[in-house]
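These notes concern the structure reproduced below.
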Amino acid sequence: MADFRFVHAADIHLDSPLLGLESHDEAPVETIRGATRIALTNLVNFCLEEKVAFLIIAGDVYDGDWKSAETGRFFLRQMNRLAAADPPIPVFLIKGNHDAASVISREMIIPSVTTFPHAKPATHTLPELQVAIHGQSYSRAEVNEDLSLGYAAPVPGMFNIGILHTSATGREGHDRYAPCNPNDLVRKGYDYWALGHIHKREVIHEHPHIVFSGNLQGRHVREPAPEGKGCSLVTVSASQIVGFEHIVLDVVRWDILEIDISLTRSKEEALDFLIAEIAQRAGMVGDCLLATRIKIVGTTPVSLEIHRDLSSFVDSLRERTQATLDGVWLEEIQVETRTPLLESELEEGGSVLGLIDAIRGQADDNINQLYEAKALPLINRIKASNADLLKELGLDDPEYVRNLMPDIEQAILAIIDSEAKR
Ligand SMILES: [Mn+2]
């Protein structure tokens with residue numbers, strides 16, 4: 001039997017509309033919207049350069065019914081590039097929940113692409129390679145039965161591949177379609193299961209290989225992939241898998257970066273530190289656009305300074321990033337830093353923490369009660385130790401304090417900070 005290599009990809013979601021990008025400041029909308037097309041082009045480039053024997057796509061080529069015929073034409077042009085190779089590279093695909101027969105209204109026949117039927121499973125063989133490929137498309141978006149049970153027995157003497165769009169035993173954030181049990185897949189006797197639907201790459205089993213290649217290109221920050229998204233390259237020799245690799249093909253790298261600024265001593269230092277951390281991550285994504293959410297954490301006195309004018313701090317970080325880092329877009333900046341509490345404040349049973357928690361958990365109509373029960377004793381304590389400070393902050397005026405209640409956390413942190421400086 002000839003040695004060969006094949007590529008397994010899934011969940012291309014071509015021209016996924018990526019709603020909501022416009023609401024973000026200065027989002028590189030064009031780059032992000034175009035990413036699914038470029039990733040598909042990268043996939044085809046890879047297949048051509050590596051002269052693989054065939055390409056498998058395990059469902060969800062399309063995100064839904066085409067908004068314009070250009071989506072289908074783009075896919076056709078890419079498939080034609082594979083067909084024009086010498087020798088031609090055939091493509092085997094199934095339809096998933098996003099591009100099920102009932103979802104896509106226009107059918108396109110591409111001679112070099114074999115689409116598995118949805119009425120029942122089918123088997124295609126490549127006699128020259130001694131390969132049998134089994135698969136079944138989705139007829140409708142919601143397929144609740146275990147399709148794998150109906151797949152044919154392995155063809156003896158051949159390398160058997162099953163293509164399946166499935167939630168397997170269920171994965172967070174994905175609809176439960178065509179569930180199956182990996183043990184059943186192993187028992188089927190195939191050599192490789194090319195799975196689609198779950199966007200996070202996962203190798204469930206080896207020998208036989210049961211693999212979610214993951215989607216080709218992440219679509220939003222909830223699809224982070226520090227190692228990059230792409231396809232699986234499988235090398236087969238004498239009917240055995242002798243090589244298995246993840247090939248990175250994406251162009252936009254989504255990420256969530258949590259940065260601890262506890263050790264910084266000023267706002268300026270915090271900004272420098274954040275930029276350095278972001279730059280380091282950007283250096284790890286090659287030519288990709290790094291589209292990252294920044295979560296700033298840590299317990300530091302700088303927190304108070306930041307929170308006094310949060311929007312200017314966030315703006316500074318955005319401006320610095322734009323000015324100094326190419327190919328980085330901050331999707332969102334979340335500031336979750338804390339001001340260290342003084343020992344003396346914690347002594348009385350954590351009164352400050354208790355107050356903050358109480359206020360967070362209370363409805364507006366309880367403000368008066370809360371003022372009497374929680375704010376007043378605290379204010380009196382501060383009054384006894386530093387009456388001037390109390391006046392300075394306006395906390396000697398009950399009406400002012402009541403109005404302040406929704407923002408009491410900041411007010412209290414301000415008091416603690418002032419006390420610390422005394
Ligand atoms: Mn799917």
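FYI, it's all coordinate maths here, none of it is from the lab. Only a predicted model underlies this, so the values are computations on that prediction, with no experimental measurement involved. As a convention, Cβ positions derive from the backbone with ideal geometry for all residues, glycine included, and neighbour counts pool all protein chains shown.
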**Asked** Just in segment 39-135: which GluC sites (Glu not before Pro) are loop by DSSP and have at most 13 other Cβ atoms within 10 Å?
**Response** 107, 128
**Item:** Cα gyration tensor category, rounded, prolate or oblate, for segment 53-161 with a/c compared to 1.5
**Value:** oblate
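Taking the Cβ of each residue in 125, 300 as the centre, tally the other Cβ atoms inside 10 Å and list the residues starting with the fewest. Each step should come with its number before you reach the end.
On the way: 125 14, 300 22.
Going from sparsest to densest Cβ surroundings: 125, 300.
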**Asked** Do any of 120/200; 95/200; 51/229; 51/188; 67/295; 200/295 go past 24 Å between their Cα atoms, and which?
**Response** 120/200; 51/188; 67/295
**Asked** Stretch residue 22-residue 144 to full length: gain in nm at 0.36 nm per residue minus the Cα-Cα span?
**Response** 40.4 nm
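Which FRET efficiency value, to the nearest 0.05, do you get for residue 112 and residue 318 by plugging their Cβ-Cβ distance into 1/(1 + (r/R0)^6) with R0 = 51 Å? Write out the running numbers ahead of the final one.
On the way: r = 46 Å, r/R0 = 0.91.
Approximately 0.65, to the nearest 0.05.
Taking 0.36 nm per residue of separation and subtracting the Cα-Cα distance, what length does fully extending residue 235 through residue 152 add?
Numbers: separation 83, 0.36 × 83 = 29.88 nm, distance 2.36 nm.
Net length gain for the segment: 27.5 nm.
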**Message:** Give the separation of the Cα centroids, segment 198-259 to segment 1-78, in Å.
**Reply:** 14 Å
**Request:** Show the residues, 5+ positions off or on another chain, whose built amide H is closer than 5 Å to the amide H of residue 125.
**Result:** 133
**Asked** Separation between the residue 332 and residue 399 pseudo-spin-labels, each 7 Å from Cα along Cα→Cβ, expressed in nm?
**Response** 3.9 nm
**Prompt:** Tally Lys/Arg at +1 and Asp/Glu at -1 over every other residue whose Cβ is under 12 Å from the Cβ of residue 96; what's the total?
**Reply:** -4
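Tell me, what is the FRET efficiency for residue 172 and residue 125 to the nearest 0.05, using R0 = 35 angstrom and their Cβ-Cβ distance as r? Kindly include the intermediate steps, with their values, before the conclusion.
Numbers: r = 37 Å, r/R0 = 1.06.
It comes out at approximately 0.40.
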**Prompt:** Which order, highest average first, do 177-183, 152-158 follow once you tally other Cβ atoms within 10 Å for each residue and take the mean per peptide?
**Reply:** 177-183, 152-158
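Enumerate by residue number the trypsin sites (Lys or Arg not before Pro) in segment 41-134 meeting two conditions: DSSP loop (anything except H, G, I, E, B), and at most 13 other Cβ atoms within 10 Å of the site's Cβ. Intermediate results must be reported in sequence, preceding the final value.
Working: sites: 51, 67, 73, 77, 81, 95, 106; in loops: 51, 67, 95, 106.
Those satisfying the criteria are 51, 67, 106.
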**Message:** If R₀ is 41 angstrom, what is the calculated FRET efficiency for the pair residue 200 and residue 376, using the beta carbon separation as r and rounding to 0.05?
**Reply:** 0.20
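Cβ under 12 Å from residue 152's Cβ, residue 152 left aside: what net charge do those residues give with Lys, Arg +1 and Asp, Glu -1? Could the numbers behind the result be given before it?
On the way: positive: 120, 188; negative: none.
Overall, the nearby charge balance is +2.
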**Request:** Please report, in whole Å, how far the alpha carbons of segment 252-335 spread along each principal axis, starting with the longest.
**Result:** 37, 20, 18
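Which of rounded, prolate, oblate describes segment 68-126, given a ≥ b ≥ c as roots of the alpha-carbon gyration tensor eigenvalues and a/c under 1.5 marking rounded, otherwise prolate only if a/b is larger than b/c? Intermediate values should be presented prior to the final figure.
On the way: a/c = 2.91, a/b = 1.14, b/c = 2.54.
Verdict is oblate for segment 68-126.
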